[in-house]
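One structure is given below, encoded as C-alpha cells.
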C-alpha cells in the first residue's frame, strides 16, 4: 500500500445551511416532516424561505461537516462536492478551506445556484431540513480526483449522495479506486427516509463495498426493516467490518465481528440544536480510527464531538475541537 | 401632527455580517484595529476573508439591527438601505422582513455586491469589524420615501451613514421631512473612529437637527474631544433633547435637560460577543420611548436588550425578545 496524503476524503453534497427557529405549529401548518430531510425544488425553497423567520447562514452538508470536524481535530481531510460560482459557493469554499480541508472540485458556472438546506429548529432542539440541491446535481464521476482518493486512508460517503442523479456514479468510481489502493470505504446512511428511498442499493453497498458503516437507530432499523435495535445490530454484524450505531442520549454501539462496545453518551447541560450530531460523531470516530486508536476510544471521541455540536446552534464547531477533546480525554 | 404608521424608520447601511472567532495575535499580524469599524475595499475584503477562519453569516447593519430589534419587541418598524440583487441581498431582505420590518428600498442591479462586514470575535468577546460597503454607496436621497418618513414617530440614523458619499444627502432629505411632520430625529454616533472622521458634521447635526442622541463613552468623549465622561455629559446636556450614553458594564446614563438617570447594567453570566450591543440598547430605548414610557424605563429596556444580545454570537436576537422583556420587567 502506497503512502497516504489524507486521513479521510469525503464525497458529499456541498450545502450552505440556513437555520431559523420555528414552532412545531409552523411545521404542521406547512406540512414539513419533522426531524427528516426532504428534497425540494427551487420554487418550494423560495416559498418556504419566505415563510421562515430570520436566519443564520452556516456552511453545512453531511460529509462536509464530518471532514471539517476531522480537520479541526488536526486530521488531514479532503472534500469532493459541487458548488456554483456564487456568493454562497464562496462561503462554502472559504469555510471548508479555512479549517484546513483540501477542496478543489471545480465550481459550476451554469447559473444553478449553490445548494441550501432550510433548517427549522424547534424548541425541543430537533431540526427539520428542506434541501434544495442546486449545483449538487452536477456532481459526477469526472469530479472524482483519482490521486486524492487513492492517497486517503478512508473514503467517506454520505447516503444523501443517492438523491442527485449522477453522484452515485462518482461514488462507484471512487469506491473502485479506494479498493484498488487498499483503502477503507465508509458510508453514513444519513436519514431513515433516505434509506427508504434507496434501500436495495444501500443493502448492496453494505454487503459488497462498505468497510465502515455509520447509522443511527432509525436508519439501521429502516435498512433491515426491523422494529428492534438489537435485531438490526445482529444483521449488521455479519455484513460489514465495522458498524458504529448512534442512539442519541443512549450513546452508541460499535460492532466489528466479535468485538462489541456499548458507549454511554457524554453528559451535557442543554441540547440547543441537534443539527450535525451524526456528522460530528463520524468525524470523531474516523479521526480516532485513522490515528490508530481502539474502536471503543473511536466511539468515545465520536460521542464527545457530537455532544459539543448539539450544545450550540449550527452543524460546525464553534469551539476549538482539539482543546475540547484534550479536556475530555484527560 | 398626522397619524403615524411606524414607530421608528431607520436609515442605514444594509450589511450582512460574516462572524468568525480570531485570536488577538491575528488582529496584530494583519494590522486590524481592535474594537473599531474600518472601511475596506473589495480587494482587501477578499484578502481578509481568505485569512479568516470558518464563519457564520447573519444579517447586520447598525440601524438595521436596531429596527429589527424594535420589530421583534412588537414595535412597528421600517428600514431604508441599499442591497444588491444577489444572494446576500436576498438574505438581508428576507431576515429584516421576517421580523416584520417594512423594507422596500429598491435593490441595485449594477453588479456591485451587497455590503458585508467581516467581524473577528476575540476570546474577550470584543468584535473588530472590517466593512466592505458594496451596494451601500448607491444609497441616495431618491431612496428616501417621504410617506414612510413622514408617518414614523422617530427617524433613526446611524453615524456610519457618513462613510458612503451620498447617504448624507438621504439623511438631510429625511431629516427635513421629519421636522416638517413634527417627528423626532435620533442619531447613533456608531464608532469613535467614525466620529473622528466626521466630527464637525456630527457636532452640527447634534446642535441643529438631532432630538435623541445615542453614543457610547468613547464616542461622546471623541465628539467633544474630552478625556472625561462627566465632561462630555455636561456638554451634551445643553445640545440635544435626550442623550442616552452607554458605558458597557457600567450601564447607561440618560439625560434630558434637568432630568438625569444613571442605570445599572443587567447582570449576565458570560459575555460571548459584543457585536450589536449598542444597536440593541437603542432598539430597547426607542421601543420604550415610542410606547410612551418614562426615560428611566427606556434606559432599562435598552440595557435588557443589550444584555440579551451580548450573551450569544451575532448582532440579531436569537430568543423571543417579547418574552425576554416580559420576564425581566415583571
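A few notes on this one:
- Per-region count, the range B:297-330, residues out of contact with any helix residue (DSSP H, G or I) (no Cβ under 6 Å at 6 or more places or on another chain) and within 14 Å of chain A (Cβ to nearest Cβ): 9
- Of all the residues in the range B:130-143, those that are in a loop (DSSP other than H, G, I, E, B) and touching a helix residue (DSSP H, G or I) at 6+ places or on another chain (Cβ under 6 Å) number 2.
A quick yes/no check of all residues on (1) within 14 Å of chain B (Cβ to nearest Cβ); (2) without any contact (Cβ under 8 Å) to a residue 24 or more places away in the chain; (3) within 20 Å of residue A:33 (Cβ to Cβ); (4) in a loop (DSSP other than H, G, I, E, B):
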| residue | (1), (2), (3), (4) |
| --- | --- |
| A:120 | yes, no, yes, no |
| A:128 | no, no, yes, no |
| A:147 | no, yes, no, no |
| A:169 | no, no, no, no |
| A:173 | no, no, no, no |
| A:193 | no, no, yes, no |
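- Check on residue B:7, away from chain A (no Cβ under 14 Å) and either surrounded by 17 or more Cβ atoms within 10 Å (Cβ to Cβ) or not in a helix (DSSP H, G or I) (or both): yes
- Test result for residue B:68, assigned to a helix (DSSP H, G or I), more than 15 Å from residue B:116 (Cα to Cα) and facing another protein chain (nearest Cβ under 9 Å): yes
- Flag for residue A:63 being touching a helix residue (DSSP H, G or I) at 6+ places or on another chain (Cβ under 9 Å) and more than 11 Å from chain B (Cβ to nearest Cβ): yes
- The set of residues from the range B:264-317 being over 14 Å from the mean Cα position of the chain (by Cα), closer than 16 Å to residue B:125 by Cβ and not in a helix (DSSP H, G or I) comprises B:265, B:266, B:267, B:268, B:269, B:270, B:271, B:272, B:273, B:311, B:312, B:313.
- Output for the range B:86-105, where each listed residue is within 7 Å of chain A (Cβ to nearest Cβ), without any contact (Cβ under 8 Å) to a residue 60 or more places away in the chain and assigned to a helix (DSSP H, G or I): B:87, B:94, B:98
- Qualifying residue in the range A:245-252 (condition: in contact with a helix residue (DSSP H, G or I) (Cβ under 9 Å, 6 or more places away or on another chain), in a loop (DSSP other than H, G, I, E, B) and free of Cβ contacts under 8 Å to residues at least 60 places away in the same chain): yes
- Answer residue from the range A:74-85, given it is within 14 Å of another protein chain (Cβ to nearest Cβ) and part of a loop (DSSP other than H, G, I, E, B) and is surrounded by the fewest Cβ atoms within 10 Å (Cβ to Cβ) among those: A:85
- Per the conditions (1) surrounded by fewer than 18 Cβ atoms within 10 Å (Cβ to Cβ); (2) part of a helix (DSSP H, G or I); (3) in contact with a helix residue (DSSP H, G or I) (Cβ under 6 Å, 6 or more places away or on another chain), the sole criterion not satisfied by residue B:46 is (3).
- Filter pass, residue B:248 being under 16 Å from the mean Cα position of the chain (by Cα), farther than 24 Å from residue B:152 by Cα and surrounded by fewer than 22 Cβ atoms within 10 Å (Cβ to Cβ): yes
- Leading residue by the ranking (surrounded by the most Cβ atoms within 10 Å (Cβ to Cβ)) among those in the range A:264-276 that are over 16 Å from residue A:160 (Cα atoms) and touching a helix residue (DSSP H, G or I) at 6+ places or on another chain (Cβ under 7 Å): A:273
- Some residue of the range B:224-234 being under 20 Å from residue B:255 (Cα atoms) and in contact (Cβ under 8 Å) with a residue 40 or more places away in the chain: no
- Scope the range A:120-137; condition buried (at least 19 other Cβ atoms within 10 Å of the Cβ), over 17 Å from the mean Cα position of the chain (by Cα) and farther than 16 Å from residue A:56 by Cα; matching residues: A:134, A:135
- Output for the range B:279-299, where each listed residue is buried (at least 24 other Cβ atoms within 10 Å of the Cβ) and touching a strand residue (DSSP E or B) at 6+ places or on another chain (Cβ under 6 Å): B:281, B:282, B:285, B:286, B:299
- Residue that is nearest to the other protein chains (Cβ to nearest Cβ), among those in the range A:20-43 that are under 28 Å from residue A:106 (Cβ atoms) and surrounded by 14 or more Cβ atoms within 10 Å (Cβ to Cβ): A:40
Taken together, the values in this text are just the output of simple stated rules run on the coordinates, not laboratory data. The model shown is predicted, which means the values in this text are computed figures rather than measured ones. With ideal geometry, Cβ positions are generated from the backbone for all residues, glycine too; neighbour counts draw on all protein chains shown.
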